[in-house]
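Trainee: Encoded as structure tokens, here's the structure I'll be asking about.
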Amino acid sequence: MATTPDDVHEWISFEDPDEQRTWEFDATYLRSHHTCIYGAGCQGVLDGPAAEMMQGCCSYGAHFVDDDDVQTVVRAFVRLDPSQMQFHAEAVAEGFLAPGEPGDDGERVTTTRLVDDACIFLNRPGFAGGPGCALHIGALAAGERPLDWKPNVCWQVPVRLEHHTDDHGHVTSRLREWKRRDWGPGGAEFHWWCTEAPEAFVGSEPVYLASRDEIVELVGQHIYDLMVTQLERPGWTPLPHPTVRR
């Protein structure tokens, strides 16, 4: 007798009106009320519960995707006041980039430097400028979007955009939740991951509204609007997220 898979999601898909591309969106996740609970019960991504450390997913250096990504943080860093960044002096003295190590393809992987076993930009509990990402704190103080100050991976998680090109050059772009596997082999060692935790599905808005700026940055305004039209179709509600169903 066949059994129902545990992790069932519903998706929407449509063709890009302007290029040879198919868009796929995880409707189950985007319509869910998942939200970041940093500082409000997040247990972090270490191998045991560590809510009191308030590290979130900043326990490891942020991986930069390219030099433009690095330069975004360079421009942000020079605008940070030392009162906003606990390890500002260390970053000035030694830089905020870790020595690159070869990745799977042999290319050097560029990440943020670690200080006391977490990202150099992470302010620890008790710091007068406030715990959390110094770049996030600095952006809000400047009245700007944190996504314009932070490494790509830091503002995208827990949303992930993937692109696949077939043998004929047609691109399929898929927007979905970020899963453990997306962190590589180390993801399996996390004691806790937020899209698997019922306590993180408490947002006041569904993901597609709460993360509007991030999604528009990834897919563009026109595609976002087309996606919203489908997600808000009258009379249709996608399956609840598996974490909530369980």
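Trainee: In nm, to one decimal, how far is the modelled label at GLU90 from the one at ASP225, with both set 7 Å along Cα→Cβ?
Mentor: 4.7
Trainee: Which whole-angstrom value gives the distance between the alpha carbon centres of segment 167-246 and segment 38-66?
Mentor: 20
Trainee: To continue, here is another question. Set the Förster radius R0 to 35 Å, insert the Cβ-Cβ distance between LEU161 and VAL78 as r into 1/(1 + (r/R0)^6), and round the FRET efficiency to 0.05.
Mentor: Approximately 0.75, to the nearest 0.05.
Trainee: Grab the beta carbon distance between ALA142 and VAL8, set R0 = 45 Å, and tell me the FRET efficiency rounded to 0.05.
Mentor: 0.60
Trainee: While we're on this one: Given all pairs of different Cα atoms, what value in angstroms does the Kirkwood hydrodynamic radius of the chain take?
Mentor: For the chain, the Kirkwood estimate is 19.6 Å.
Trainee: Which residue, chosen from THR110, GLY48, GLY186, occupies the Cα position most advanced towards the positive end of the dipole of segment 41-198, where the dipole is computed from +1 (Lys, Arg) and -1 (Asp, Glu) charges on Cβ about the Cα centre?
Mentor: Farthest along the dipole direction, towards plus: GLY48.
Trainee: Suppose R0 equals 41 Å; then what is the FRET efficiency for ARG233 and HIS168 from their Cβ-Cβ distance, rounded to the nearest 0.05?
Mentor: 0.85
Trainee: Quick one: of the DSSP bridges fully inside the chain, what percent are antiparallel, nearest 5?
Mentor: Of the beta bridges lying entirely in the chain, close to 80 percent run antiparallel.
Trainee: Once the other residues with Cβ under 11 Å from the Cβ of CYS58 are scored (Lys, Arg +1; Asp, Glu -1), what is the net sum?
Mentor: With Lys, Arg at +1 and Asp, Glu at -1, the neighbours total +1.
Trainee: Among VAL153, VAL74, which comes first, second and so on when ranked by fewest other beta-carbon atoms within 10 Å?
Mentor: Sorted ascending by nearby Cβ count, the order is VAL74, VAL153.
No value in this document is a laboratory result; all are computed from the given coordinates. In this text, all values refer to a predicted model and were calculated from it rather than measured experimentally. Heads up, the Cβs are rebuilt from the backbone with ideal geometry, glycines too, and the neighbour counts pull from every protein chain shown.
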